[in-house]
Amino acid sequence: MDDVSEIEVFVFDGSGHASEGTLEEFTEGPSNKFKWVHINHSSEKGGAWLKNNVGDALVVDALMADETRPRCTPHLNGVILNLRGVNLNPEANPEDMVSIRLWLEEALVVSIWRHPLSAVNDLLDAIKRNHAPLSPGDFIAKLVLRLADRAEPTVANLNEHIDNLEEAMLDASAIFPRQQLADIRRKSIELRRYLLPQKDALTTLEIEDVNWISDRDRSRIREAAERIARLGEDLDAIRDRAQVVNDQIADQRAENMNTQMLLLSVVAAVFLPLGFLTGLLGINVGGMPGVESPYAFTVVSAVMIALVLFELWLFKKLGLLGKRKPS
């Protein structure tokens, strides 16, 4: 990408319309209009403009940091706001959440991005349809609501997967891919890692004494925070349900293993006395009974069959054979 495609500048008239320009036009333009500068993190021109026009080192460092977590920090006459959205880019994992770093002032929004974010693309589409934000407060309210909108299908998809696994648990013969269950737990943990701090960041923004955020915008920011809180609760439930399913699978496998071990133990117990008897009769010493009798083999075989039947009856009476009640 060149610097032109890595930097987008919009000037809003406060009535739902916006015009796209350049950094030079932005610097020379009127100061009474709300402006948005959207800069790619890797843009050298954008980084230089940020240092020259925003100036404050704390703000620049926060916007250009390599790694960020959701946060809201009022500073001087503005607000540093770091947010995350689900990664809906092609061949990407939604749980690898994409960051957007924002510097908000009364008539200025500066955003830094490293990867495309669907919620930002929604705002760009709205600008093209002449439904642009009316103010920085309206901008951030629309953005955080779109972030919540984009996250909800991902969480709902995880819920559907865990529902299917719980339903499959009713089938005793079902085979469970342990990797699939592990993926659900991993995704829920990674999503929760950023969504819960994001809820705290939005709550901080909503209660801060920032005079250019209207009551209407605060209510929408509060709604976004509550929706994200609900998503966090859903992710907690998904993680716990996945653990329950994992425990049930482990119990089922342990029960199957115990059944197989019991069967092997019964077989060994049945043949142990038979092996002892045949071993005793097979020793090559004098005085073995029945050596000269033509009926000796038949008698020994009958005794052994009777011994097996007696053992099977005894094991059944002791409850070691037959259908076991489910635990």
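The values are calculated or read from the model by the stated rules, or taken from the named source; none is laboratory data. Quick caveat: nothing in here was measured; it's all calculated off a predicted structure. Positions of Cβ are generated from backbone atoms using ideal geometry, with glycine treated the same way; all protein chains shown enter the neighbour counts.
Please tell me if R150 is in a helix (DSSP H, G or I), without any contact (Cβ under 8 Å) to a residue 12 or more places away in the chain, under 19 Å from the mean Cα position of the chain (by Cα) and within 30 Å of L50 (Cβ to Cβ). For R150, the condition - in a helix (DSSP H, G or I), without any contact (Cβ under 8 Å) to a residue 12 or more places away in the chain, under 19 Å from the mean Cα position of the chain (by Cα) and within 30 Å of L50 (Cβ to Cβ) - is not met.
For the range 282-327, the set of residues classified as over 54 Å from the mean Cα position of the chain (by Cα), of a type in the set (A, V, I, L, M) and modelled with pLDDT of 75 or more consists of A296, V299, V300, A302, V303, M304, I305, A306, L307, V308, L309, listed by residue number. Listed by position, the helices (runs of 4 or more DSSP H) contained in the range 13-92 that have at least 1 residues being within 34 Å of the chain's Cα centre (by Cα) are 44-53, 57-64. Candidates in the range 1-16 are the residues that are surrounded by fewer than 13 Cβ atoms within 10 Å (Cβ to Cβ) and modelled with pLDDT of 70 or more; of these, the one that is nearest to R129 (Cα to Cα) is S15. Can you name the residue in the range 20-40 that is in contact with a helix residue (DSSP H, G or I) (Cβ under 9 Å, 6 or more places away or on another chain) and modelled with pLDDT under 90 and, of all such residues, is nearest to L63 (Cα to Cα)? Here the residue is L23.
Taken over the range 191-228, the criterion of being more than 15 Å from the chain's Cα centre (by Cα), among the hydrophobic types (A, V, I, L, M, F, W, C) and not in a loop (DSSP other than H, G, I, E, B) is satisfied by A201, L202, L205, I207, I221, A224, A225. Among the conditions (1) more than 27 Å from the chain's Cα centre (by Cα); (2) assigned to a helix (DSSP H, G or I), H161 misses just one, which is (1).
Here Y194 clears all of (1) at pLDDT 90 or above; (2) farther than 29 Å from P133 by Cβ except the condition numbered (2). Out of all the residues in the range 141-148, is one or more under 28 Å from D236 (Cβ atoms) and either touching a Gly at 6+ places or on another chain (Cβ under 6 Å) or surrounded by fewer than 18 Cβ atoms within 10 Å (Cβ to Cβ) (or both)? Among the residues of the range 141-148, at least one is under 28 Å from D236 (Cβ atoms) and either touching a Gly at 6+ places or on another chain (Cβ under 6 Å) or surrounded by fewer than 18 Cβ atoms within 10 Å (Cβ to Cβ) (or both), which makes the answer yes.
Here R227 fulfils each of the conditions (1) surrounded by 15 or more Cβ atoms within 10 Å (Cβ to Cβ); (2) at pLDDT below 85 apart from (2). Here the range 162-189 is the region considered, the condition is being surrounded by fewer than 11 Cβ atoms within 10 Å (Cβ to Cβ) and of a type in the set (A, V, I, L, M), and the residue that is modelled with the lowest pLDDT is A172. R222 - would you say it is out of contact with any Gly (no Cβ under 8 Å at 6 or more places or on another chain), within 29 Å of R146 (Cα to Cα) and free of Cβ contacts under 8 Å to residues at least 40 places away in the same chain? Against the criterion (out of contact with any Gly (no Cβ under 8 Å at 6 or more places or on another chain), within 29 Å of R146 (Cα to Cα) and free of Cβ contacts under 8 Å to residues at least 40 places away in the same chain), R222 qualifies. Taking first residues from the range 242-267 that are farther than 19 Å from N164 by Cβ and partners that are surrounded by 11 or more Cβ atoms within 10 Å (Cβ to Cβ), the Cβ contacts under 8 Å between residues at least 6 apart in sequence or on separate chains come to T259/R324; L262/L320; V266/F315; V266/L320; V266/L321. A residue that is over 30 Å from L170 (Cβ atoms) and acidic (D, E) can be found somewhere in the range 222-233. I'd like the full set of residues that are buried (at least 19 other Cβ atoms within 10 Å of the Cβ), of a type outside the set (K, R) and touching a residue at least 40 places away in the same chain (Cβ under 8 Å), limited to the range 79-99. V79, L81, N82, L83, G85, V86, P94, E95, M97 - these are the residues of the range 79-99 that are buried (at least 19 other Cβ atoms within 10 Å of the Cβ), of a type outside the set (K, R) and touching a residue at least 40 places away in the same chain (Cβ under 8 Å).
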